[in-house]
Every structure is written in C-alpha cells, then in structure tokens.
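Below is one structure, written out as structure tokens, with a few remarks after it.
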Amino acid sequence: MHSAIPSEPDAVVVGGGVVGGAIALGLARSGARVAVLDEGDVAFRASRGNFALVWVQSKGLGMPDYALWSRRSADDWHQLAAILAEEADIDVAYSQPGGFMLCLSQDELDQRVDAMRRLHNSRAPTNFPYEVLDHDEAARRLPGLGKDVVGGLYSPLDGHANSLKLFRALREAAARRGVDYRPNSPVERIVPHDGGFAVAAPWGEIRTARVVLCAGLDNARLAPMVGLEAPVKPSKGQVIVTEKTEPFLHNPMATLRQTDEGGVMIGDSQEDLGFDTVVRQPVLSVMAERAVRMFPRLGGLNVVRTWSALRVMSPDGFPIYDQSQTSPGAFIVTCHSGVTLAANHALTLAPAILSGTLPEAVASFSARRFHVPAHA
C-alpha cells in the first residue's frame, strides 16, 4: 500500500491523456513522486478519438529523425505492453502483425510508392522494410479484399493495440506506483518560483521542481508561461465503429482495423475546422464508402458508434519536445501519435526529463525549428 503523496511532488504532469499518462508512469518508474493535473472530460481530449495504431510505415517524410523515433517506439512497444500487464494486470491487446496501406486507384498507389521511396532515400541507414503489392498479392494476404483495391503497401513494423485498455492501464499502473491523479483540475497559471514552479487554479496551488506540459491543444496557452512555445492547432478526425463480427482482419490498416473485441474501426478524415467536434454525415459517408470498397463484407454490418476528436498538430505535423531555457525544470511533450510513441514517452523521454536533460534523439523536435529564417 502506497502512502499519500507529499503536497510538493518532484514533478507535475499537466494533462491526463495517453501522452501525460505515459510520461507520468515513466517518471514514477524512475523513482519520482508525481502528480497529474487533468482538466477532465470537458477537455478536447485527443485520447478519446485515437485510432490505436502503433504505426511506422510512412512516418517521417520531411523529418528522417521522426521515422527513427517512430521505429524506436515500435521496437519498445512489446516491453511497454509487458510492463502494463505486470504492473496494471491489464492486457492492452498489443500485436505487431504488420500493417497495410490499401489504394483504390493506380494514381493513389503511385503517390504512396513515391512517398515511401523519398522517405527511404532521406533516412539514416536503418532497416525500414516494406513491400509494394499488386491486387492479387494483397488479396492473397487479405481474404475478402474488394476488387476495387488496385494494390497497396505492407510493412512488418506496424501494429495496433486497444486504446481504451491502454488508457486505463497507464492510469492503473501509475496509481499503483503512487502517482497522485487529480481529475477536474484545470491549470490557470504556472509561475516560476524559487527554482521551481507554482501551478495554480481555483482548486488551489501545488509546487514542484519540474513541470511537464502534456496538455495537448492547451499547451499553446500554457507553454509561454514557462518560456516555451507550442504552436499547435486542432485537426478534426472522425471515426466509425461497427458492430462486433467474427475475426476476419488480422492486420491493421491506415484507415481501418478490427479491434480485439471484434468491432471494425474506420477513420482517416482530416478537417481544418478549428475546435468544431460535431460529427458530420458527408465525411462519414465518404469514409464508409471507401471502407466497403476495400472489404465488401463491411456493407452488411451495422454502425454502432461515431465520434470525432481533435488531433494536436504542429505546423509541420511532427512532435514538439523542449526544455525551457529560461526555466530549465519546465518541459513540453506534444504530438499527434500518442499511442505509437507511448513506449518512447514512458521508457526513454520520462527518465530523461527526470534527469534534467532531453536525449539527443529528440533534439530536432524542438520548437526552435520553426524559427528558421524565410531566406534560409
């Protein structure tokens, strides 16, 4: 039985989603006393809408370091899943059978192949295997594939998990390690104070030596309080979930996957509509139509849920990891791939934050990259 956490923890994590949960667990496993301040379910919680992919294929065009970072996390995800099974008694249903990106036109396939070739030509010398498949080979590997699929790409590096079980497991494992989770605790201000920070709101004040901003879209407001910046904006995504059906889809895909519980998730939309989270029929119809063309059997399934959520997007789409230069105990962790990168956040980034120095592997993810002069 853990004793109550002191009122002044070693680190305060602002944000209780998948990103904050992974950082909090990693800090606690490294020996820190941690408090998590979570706005609660009124937040624009990206975690509620994630697609639960652990995806490497296609990640990193324009930033080779992101390809390496994604591959590192995929490699370490087996370890994270084992830790959560042991420390939270929850199987997060992680598997890495390899993933497909299916294309419904030759032009779409050509664009995908070209992007992958450019990505591989830009990378550091690391093994990122993938295959280009025609329709016949894709159909051989994916029984029930629709005739409209012209082909696709496959990579053995890709996997998926159960996102709700992951969310719960991170919280449960952290709680068993004494993390003080405080729901309904939005942060109004963070004030550097005596070499540390005072984090305050109407609920009170908490002081700490380290503060880690994992608050998603709210990082844009919070970061300047501690000498950081987070130029993040929302990107709306919508998701369809079907009724449960017998297992037929072993591999995850960029746009659809069958969960361990039997339902099929469909979702690949991106909309720039500010903070609008209303589910809209026209977008759902396009998503459903593409999914049925890929796997005609989906046309006979009932839809049981639809929802939308807001991705946390930086100007170039890549993560922002930074330590404040004016207040060195303040850090920011923000990305739109919280599930894929959960292993990195818990096993690599959190221990580095506790040590006070971010790893060299994330140096290129500093927000200072957005300050490159236009003429450079």
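The values are calculated or read from the model by the stated rules, or taken from the named source; none is laboratory data. Predicted model only: the values in this text are computed from it and were never measured. Ideal geometry is used to build each Cβ from the backbone, glycine not excepted, and the neighbour counts take in all protein chains shown. We work out accessible area using only protein heavy atoms, side chains counted, and drop any ligands, DNA or RNA first. Shrake-Rupley method; radii C 1.70, N 1.55, O 1.52, S 1.80 Å.
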Gaussian network model of the chain, Cα within-10 Å springs - most flexible of Asp65, Asp75, Asp107: Asp107
The chain, Rg to Rh (Cα coordinates; Rh as Kirkwood inverse mean 1/r): 0.97
Dipole moment magnitude, nearest 20 debye, the chain about Cα centre, only Lys, Arg, Asp, Glu C-beta charged: 120 debye
Once exposed loop GluC sites (Glu not before Pro) are cut out (DSSP; at most 13 other Cβ, 10 Å), longest piece of the chain: 1-187
From phi via Karplus (6.51, -1.76, 1.60), per-residue ³J(HN,Hα) for the stretch 245-262 in Hz, x at Gly/Pro: 9, 4, x, 9, 10, 7, 9, x, 10, 4, 10, 7, 7, 9, 7, 5, 8, x
Rounded accessible area per residue of the chain, 1.4 Å, Å²: 43 Å²
Ranked packing of 322-333, 207-218, 344-355, most packed first, by mean Cβ within 10 Å: 207-218, 344-355, 322-333
Portion, in percent, of the accessible area of the stretch 94-157 that falls on carbon or sulfur, probe 1.4 Å: 46 percent
Cα long-axis angle, helix 163-176 against the chain (0 to 90 degrees, to the nearest 10): 30 degrees
Among Gly159, Gly16, Gly195, residue whose mean-square fluctuation peaks in a GNM of the chain (springs only between Cα atoms under 10 Å): Gly195
³J(HN,Hα) computed for each position of the stretch 204-221 - Karplus, 6.51 cos²θ - 1.76 cosθ + 1.60, integer Hz, glycine/proline x: x, 9, 9, 10, 7, 7, 9, 10, 10, 8, 10, 9, x, 5, 6, 4, 4, 7
Candidates Trp69, Trp77, Trp55: whichever shows maximal mean-square fluctuation once the chain is modelled as a Gaussian network with Cα springs under 10 Å: Trp69
Other-chain or far-sequence residues with amide H under 5 Å of Phe295's (modelled H): Gly146
Cβ-based charge dipole, the stretch 99-156, positive-most Cα from Leu145, Leu109, Asn127: Asn127
